[in-house]
2 protein chains.
Amino acid sequence: MAPIPNARVLFNSIPESYPVPGETTVYDTTQTLDLETVPLNGGFLVKTLVLSVDPYFRGRMAPAEKKSYIRSFQIGAPLDGFGIGVVLRSENSAVDSGKYIYGPSFFHQEYTVFPDLGALQIIEKHPGLPWTVYLGAAGMPGGTAFVGWKEHADAKQGEVAFVTAGAGGVGALVIQLAKESGLKVIASAGSEEKVEFMKSIGADVAFNYKTTDTRAVLEKEGPIDIFWDNVGGDTLDAAIEFAAFNGRFIECGSISGYNTGHSAIKNWNLINPKCLHIHGILVFTLFPKYAEEFYATIPAKLASGEFKYTEDVTKGLEKVGDVILAVQKGTNKAKAVVVVAEE
Amino acid sequence: MAPIPNARVLFNSIPESYPVPGETTVYDTTQTLDLETVPLNGGFLVKTLVLSVDPYFRGRMAPAEKKSYIRSFQIGAPLDGFGIGVVLRSENSAVDSGKYIYGPSFFHQEYTVFPDLGALQIIEKHPGLPWTVYLGAAGMPGGTAFVGWKEHADAKQGEVAFVTAGAGGVGALVIQLAKESGLKVIASAGSEEKVEFMKSIGADVAFNYKTTDTRAVLEKEGPIDIFWDNVGGDTLDAAIEFAAFNGRFIECGSISGYNTGHSAIKNWNLINPKCLHIHGILVFTLFPKYAEEFYATIPAKLASGEFKYTEDVTKGLEKVGDVILAVQKGTNKAKAVVVVAEE
């Protein structure tokens, strides 16, 4: 068999503000490989099926020397992120051909030879779910919602939760976990379509923050016992203002500032008199504690329809740059995934 | 016995910035009472001995309609705060003459008829301590340090704590609790005298924030596992910047902004990736949980010298206004108390 192209999405330059498709990242088809003869050196060859595009990508588009919890993308190298692929050939006795591989550092390229499993794992799919869901509600975003909620929400029936970016991969599961705990849920997102989805999964009060004043909603529907923060900025200041005594804040992200700079927070001084409890979370530090419970419950609930999910699926590796920008701008319709290849 | 003056300190006007003695508060000697004949109506007459002046007073100089965890001082009425007095006469069988009364709402006046105990309690003094200490290290400020530390510090030997206002009533006990837990302690305050005191009670690194750059100290001596925040503002931003992963912040006060407005906090977005845990505390909600342990241990340690304390004692009720201003400016030398009368 002759060598074939191994298309890749390369990190090309550090963006100043929003990433620019074709400039920040470039689609490259110059690399080739022969699937039958590429040396494995004890490793295994994987065909990439689906890739996840997430808000945290923006933080990885920083200079490599910047201190962070996660390493930066490397100029000239492929992007990487959560992904799933199928094993085509293997010289590793623990990884048979035909098995499916899931992990946090899948290169954004069609084929990859992995030297060993490392942080990867062999994954089995619930027959009622597509692979894409294992990058969303049954994957890292769903896992983030699950571990943050379990670890820090301290939810009590009848309390009020406010969830931002409630139609996203994380937020949608948070809404449903909050409803399962018997809470009243206020949820915000940036389009009417997202508002309708949030209502469909149980949000008691769902609103479009671009057309509805957040403070007016919180004043009427609050105070807030639990705030799930995916956005930061002025929405966060509003949440502090309308937080209940002993409120819990789960700090999951601050996408309002990722591309244009973080605004300063004016209401910190209310944390003391309101006895607020603010927790920053990262999924990879908490997930081991809850992984077994997560996989034992969430995929089955998603497959049965007890928990709902939605996805914004884009076909074609060449679209990754556009999807990254959509996620940063919030113009994606739901959790963004890219299908690189069918099986 | 003829009526005698009952001198009082009245709240006179809401300050715009720092309180102004004689204007914000006025010393008034127009009221009189007859100690032998004043009607008790089932209550008891108390002679005020010592009064506490604390940073939180500034928050009470707000318009009465402002929502807060604590009610505002009332224009034309005496100030009130933590105090101790001796019972002169009583018609309450639970409160004998000669007993000592401690509570959070002692009027700033020489004599008071209390209708019942309410939030007051009968208090006994360790023979090795003066009453003033029961308004400081063995009182509300010490109790604040104790409950905040016990509830939220999660201290592990070898960790690093940073304590601001470390020579104050709260901070000084926090330093000593941190040293007792086996931590390295960085402590800041606003004068050389306070720096020397912080060193004398065990701070490993003590500095004057007015003459030494906080960030330079934290960069060299951090990162910080535990931050005890009494001041807020730019020092808080510096603490976030130099916080360790999984750091705990105990938000006890933000005096940097009480008189001149709170500055916005720039580094909130680091809470998420650093997985920081921020806890606002109020002593009155946590104290019941720890009161028995506090009174069983802290006064004895203070009396034996195992824990050290310092006080800035002012004699004379007429000085209250000056002491309030000194506490807000930080020109007091240590925990401020006013001695109204000897026994």
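Bear in mind these aren't lab numbers, they're just calculated from the coordinates by the rules spelled out. These figures come from a predicted structure and were not determined experimentally. Because the Cβ atoms are built from the backbone with ideal geometry, glycine has one as well, and the counts that use them run over all protein chains shown.
Descriptive notes on the structure:
- Global form of the stretch A:1-151, assessed from the alpha-carbon gyration tensor, a/c cut-off 1.5: oblate
- The GluC sites (Glu not before Pro) of the stretch A:64-113 meeting both criteria, a DSSP state outside H, G, I, E and B (loop) and at most 14 other C-beta atoms within 10 angstrom of the site's C-beta, are A:GLU65, A:GLU91.
- Shape call, chain A: gyration tensor on alpha carbons, a/c limit 1.5: prolate
- For A:LEU35, residues with placed amide H under 5 Å, excluding near neighbours: A:ILE4
- Linear extension gain, B:GLN157 paired with B:SER17, 0.36 nm per residue minus alpha-carbon span: 46.2 nm
- Based on every Cα atom in the protein assembly as shown, Rg and the maximum pairwise Cα distance Dmax equal 30.5, 116 Å.
- Here A:GLU293 yields copy-to-copy label distances, from shortest upward, of 2.5 nm, the label point defined as 7 Å from Cα along Cα to C-beta.
- Restricting the stretch A:1-66 to trypsin sites (Lys or Arg not before Pro) that sit in a DSSP loop and have at most 15 other Cβ atoms within 10 Å of their own Cβ leaves A:LYS66.
- Nearest-0.05 FRET efficiency for A:LYS289 and B:TYR295, computed from C-beta distance (R0 35 Å): 0.40
- Hits among lysines - C-alpha to C-alpha of A:LYS333 under 26 Å, sequence gap 8 or more where chains match: A:LYS125, A:LYS179, A:LYS184, A:LYS194, A:LYS199, A:LYS210, A:LYS301, A:LYS308, A:LYS315, A:LYS319
- Look at the Cα gyration tensor of the stretch A:208-252: its axes a ≥ b ≥ c give a/c of at least 1.5 with a/b at or below b/c, and that counts as oblate.
- HN-Hα J in Hz across the stretch A:262-272 - Karplus 6.51, -1.76, 1.60, θ = phi - 60°, x for Gly and Pro: 7, 7, 6, 9, 8, 9, 3, 4, 7, 4, 5
- Amide hydrogen neighbours beyond the local backbone of B:ALA206, cut-off 5 Å, H modeled: B:ALA187
- For the residues A:SER263, A:SER72, A:SER97, a GNM of chain A with alpha-carbon springs under 10 Å puts the largest fluctuation on A:SER263.
- Selection of GluC sites (Glu not before Pro), the stretch B:262-332, meeting DSSP coil and at most 12 other Cβ within 10 Å: B:GLU306
- Remark: label point of A:GLY182 defined 7 Å out from Cα along the Cα-Cβ vector; separations to the same position in other copies 4.1 nm, ascending.
- Cβ charges +1 (Lys, Arg) and -1 (Asp, Glu), total dipole of the stretch B:197-280, debye: 40
- Residues A:LEU40 and B:THR212, FRET efficiency given R0 of 51 Å [Cβ-Cβ distance, rounded to 0.05]: 0.30
- As an equivalent ellipsoid, the stretch B:140-202 spans semi-axes of 18, 14, 8 angstrom, where each value is the square root of five times an eigenvalue of the C-alpha gyration tensor, largest first.
- Taking amide H positions as modeled 1.01 Å from N, with prolines and chain starts lacking one, the residues under 5 Å from A:LEU276 and 5 or more places away or on another chain are A:ASN246, B:GLY280.
- Highest GNM mean-square fluctuation among A:VAL205, A:VAL163, A:VAL185, for chain A modelled with Cα contacts below 10 Å: A:VAL205.
- Simple point charges give the picture: +1 on the Cβ of Lys and Arg, -1 on the Cβ of Asp and Glu, and for the protein assembly as shown a dipole about the Cα centre of about 80 debye.
- Estimated from helical segments only, the mean residue ellipticity of chain B at 222 nm is -7000 deg cm²/dmol, where each DSSP H run of four or more residues counts as -39500 (n - 2.57).
- Where labels lie 7 Å past Cα in the beta-carbon direction, separation of A:GLN31 and B:VAL26 in nm: 8.2
- Between identical copies, the spacing of B:PHE245 label points, each set 7 Å from Cα toward the C-beta atom, reads 3.8 nm from nearest to farthest.
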